[in-house]
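A.B. asks: This is the structure I have questions about; it appears just below.
The values are calculated or read from the model by the stated rules, or taken from the named source; none is laboratory data. For clarity, every value in this text was computed on a predicted model and none was experimentally measured. As a convention, Cβ positions derive from the backbone with ideal geometry for all residues, glycine included, and neighbour counts pool all protein chains shown.
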Amino acid sequence: MTVSDAWARSSPSGVTMGAAYFDITSVDNDLLVAVSVSSDVAARAEIHEVVKAMDMGDDEMHDHDLGDDGMHDDAMSMQEMDALDLPAGTLVQLVPGGYHIMLIDLAKSLVVGETFDLTLDFDQAPDLTVTIEVSDR
Ligand SMILES: [Cu+2]
């Protein structure tokens, strides 16, 4: 399991959601099934994908207040995924506008230059802790 380019957006004060991104490649077919984060950072972390709002069932729909970051226009929304598919040897990118790790109920603002850890829980591979750097790109 290789993870690189792990980063998160800074969060304006008053915003309670954050988003983290990384590139990941698994040696074998695997699934990312859960992500955990220290309660010093956020209450919990979820695996999300951005979808066209019209593709979503009503019960799946939820809004996040991420401010004016382009992830929340009328046509797009986000939903939690049960698992993120990691085909063997395939680069899977978590990027703004695509798959991402949602940080729910931030304990404090995410400030550029700070780091925090996420622990990735896979179906097959052992847990992996990655360091996320807060960065605005
Ligand atoms: Cu999200």
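A.B. asks: Could you list, ordered by first residue, the pairs with Cβ atoms under 8 Å in which the first is in segment 112-137 and over 13 Å from LEU32 (Cβ atoms) and the second is loosely packed, with under 15 Cβ neighbours inside 10 Å and modelled with pLDDT under 95, at least 6 apart or interchain?
C.D. replies: VAL112/ASP136
A.B. asks: For segment 13-32, how many residues meet the condition of being touching a residue at least 40 places away in the same chain (Cβ under 8 Å), out of contact with any Phe, Trp or Tyr (no Cβ under 8 Å at 6 or more places or on another chain) and farther than 14 Å from THR2 by Cα?
C.D. replies: 6
A.B. asks: Identify all residues within segment 14-33 that are hydrophobic (A, V, I, L, M, F, W, C), part of a strand (DSSP E or B) and away from the ligand (no atom under 15 Å from the Cβ); write none if there are none.
C.D. replies: ILE24, LEU31, VAL33
A.B. asks: Looking only at segment 2-56, which residues are within 17 Å of GLY98 (Cβ to Cβ) and among the hydroxyl-bearing types (Ser, Thr, Tyr)?
C.D. replies: Of everything in segment 2-56, those that are within 17 Å of GLY98 (Cβ to Cβ) and among the hydroxyl-bearing types (Ser, Thr, Tyr) turn out to be SER4, TYR21, THR25.
A.B. asks: What are the pairs with Cβ atoms under 6 angstrom where one residue, in segment 75-101, is free of Cβ contacts under 8 Å to residues at least 60 places away in the same chain and closer than 14 Å to GLY18 by Cα and the other, located anywhere, is buried (at least 19 other Cβ atoms within 10 Å of the Cβ) and small (Gly, Ala, Ser)? Sequence gap at least six, or different chains.
C.D. replies: Note: no pairs meet the criteria.
A.B. asks: Select, from ASP28, ASP40, the only residue that is of a type outside the set (S, T, N, Q), farther than 11 Å from ALA107 by Cα and surrounded by fewer than 16 Cβ atoms within 10 Å (Cβ to Cβ).
C.D. replies: Just one listed residue meets the conditions, ASP28.
A.B. asks: For segment 11-49, which positions are at positive phi and touching a strand residue (DSSP E or B) at 6+ places or on another chain (Cβ under 9 Å)?
C.D. replies: If the condition is that a residue be at positive phi and touching a strand residue (DSSP E or B) at 6+ places or on another chain (Cβ under 9 Å), then no residue fits.
A.B. asks: Something else: May I ask you to list the residues in segment 74-96 that are exposed (fewer than 12 other Cβ atoms within 10 Å of the Cβ) and in contact with an Asp or Glu (Cβ under 7 Å, 6 or more places away or on another chain)?
C.D. replies: Once the filter is applied, which keeps residues that are exposed (fewer than 12 other Cβ atoms within 10 Å of the Cβ) and in contact with an Asp or Glu (Cβ under 7 Å, 6 or more places away or on another chain), segment 74-96 yields only ALA88.
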